[in-house]
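Remarks on the structure that follows.
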Amino acid sequence: MRFARSLVSRLSATRSFAVRRTFSTLYTKEHEYVKADGDLHFMGISDHAQSELGDVVFVELPEVGTEFAKGDALGSVESVKAASSVYAPVDCEIVEVNENLEDSHGLVNESAEEDGWMVKLKATNPDQLSDLMDADAYAAFCNEE
């Protein structure tokens, strides 16, 4: 009986770790985030970036199927304070755009790293993901700016 509880406990911990790993969020120095969803990734601007920009009034998104090299501008976000380009965090192909942002730009302010995602992308060079920061490193980076 003790063995069965121990096994269940280890399986639960492993499953919990797998879920956290599946949905881990990585960040760029340009304040974009990438959140894994299987082989694809949700991408947008970080919560820190949206708070610095202020009220978002326009979001420019790329077309599905477009390919970008790491660092290429793939869209932009305009706010009452400024306009800012959004850069490809890795070499990628756009597989989906968040069409809700066309009419609801405020989603970027309300939920930047959830409902306010901009694109879903396929990393064409997944090794580049290792160049991105985890949440702790990104928080330290933001504090230093």
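The values are calculated or read from the model by the stated rules, or taken from the named source; none is laboratory data. Predicted model, so just to flag it, every value in this text is computed and none were measured. We place every Cβ from the backbone using ideal geometry, glycine too, and count neighbours over all the protein chains shown. All accessible areas refer to the heavy atoms of the entire protein, side chains included, with ligands and DNA or RNA removed. Shrake-Rupley method; radii C 1.70, N 1.55, O 1.52, S 1.80 Å.
Looking at the stretch 54-145, the accessible area is 54 square angstrom per residue; that uses a 1.4 Å probe and ignores ligands, DNA and RNA. Among 127-140, 91-104, the peptide with the highest mean count of other Cβ atoms within 10 Å heads the list, and the full ranking is 91-104, 127-140.
For the pair ALA137 and GLU114, the difference between a 0.36 nm per residue extended length and the Cα-Cα distance amounts to 6.3 nm. How large, in percent, is the carbon and sulfur part of the accessible surface of the stretch 84-137 at a probe radius of 1.4 Å? About 35 percent, which is the carbon plus sulfur part of the accessible surface.
The stretch between ASP55 and GLU78, if pulled fully straight at 0.36 nm per residue, gains 7.4 nm over its current Cα-Cα span.
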